[in-house]
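The values are calculated or read from the model by the stated rules, or taken from the named source; none is laboratory data. Predicted model, so just to flag it, every value in this text is computed and none were measured. We place every Cβ from the backbone using ideal geometry, glycine too, and count neighbours over all the protein chains shown.
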Amino acid sequence: MDLSILIPARNEEFLANTVGDILDNIQGDTEVIVVCDGNWPDPPVPDDPRVTLVYHSESIGQRAATNEAARLSKAKFLMKCDAHCAFD
């Protein structure tokens with residue numbers, strides 16, 4: 001695995017767009033790890049084998065969510081991304 005893109009998210013309305021943009025544009029051996037932080041019954045994350053979704057019903061905070069994603073990573077390199085970004 002070359003790259004893990006880490007996305008901590010808490011009720012972010014643009015999460016599906018962010019993950020979709022990443023999936024449309026990534027190349028190589030890349031994974032996306034989304035940590036949903038807090039009460040979010042049905043997070044809008046695309047069903048894709050390159051995406052790992054971790055769900056916490058109680059908030060653990062952005063730093064802890066990012067650290068958890070980093071621990072789950074299988075990649076040599078990490079990239080943190082906000083849940084409301086767009087990629088072309």
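Could you tell me which residue of segment 34-43 is nearest to ARG10 (Cα to Cα), considering only residues that are surrounded by 15 or more Cβ atoms within 10 Å (Cβ to Cβ) and out of contact with any Ser or Thr (no Cβ under 8 Å at 6 or more places or on another chain)?
My answer is CYS36.
Considering only segment 36-88, state which residues are under 18 Å from ASN17 (Cβ atoms), of a type in the set (A, V, I, L, M, F, W, C), in contact (Cβ under 8 Å) with a residue 40 or more places away in the chain and touching an Asp or Glu at 6+ places or on another chain (Cβ under 8 Å).
Passing the criteria: ALA83, CYS85, ALA86, PHE87.
Give me a count of the residues in segment 34-47 that are over 12 Å from ALA83 (Cβ atoms) and at pLDDT 95 or above.
Count: 0.
Could you go through segment 3-13 and let me know if any residue there is assigned to a loop (DSSP other than H, G, I, E, B), out of contact with any Phe, Trp or Tyr (no Cβ under 8 Å at 6 or more places or on another chain), in contact (Cβ under 8 Å) with a residue 24 or more places away in the chain and at positive phi.
No: zero hits.
For (1) more than 20 Å from ASP88 (Cα to Cα); (2) touching a helix residue (DSSP H, G or I) at 6+ places or on another chain (Cβ under 8 Å), each residue gets a yes or a no:
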site: ASN25; (1), (2): no, no
site: ASP29; (1), (2): no, no
site: PRO43; (1), (2): yes, yes
site: SER59; (1), (2): yes, no
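Please go through (1) in contact with a strand residue (DSSP E or B) (Cβ under 8 Å, 6 or more places away or on another chain); (2) of a type in the set (A, V, I, L, M); (3) surrounded by fewer than 17 Cβ atoms within 10 Å (Cβ to Cβ); (4) not in a loop (DSSP other than H, G, I, E, B) for ALA16 and return the number of the only condition it doesn't satisfy.
Here ALA16 meets the rest and fails (1).
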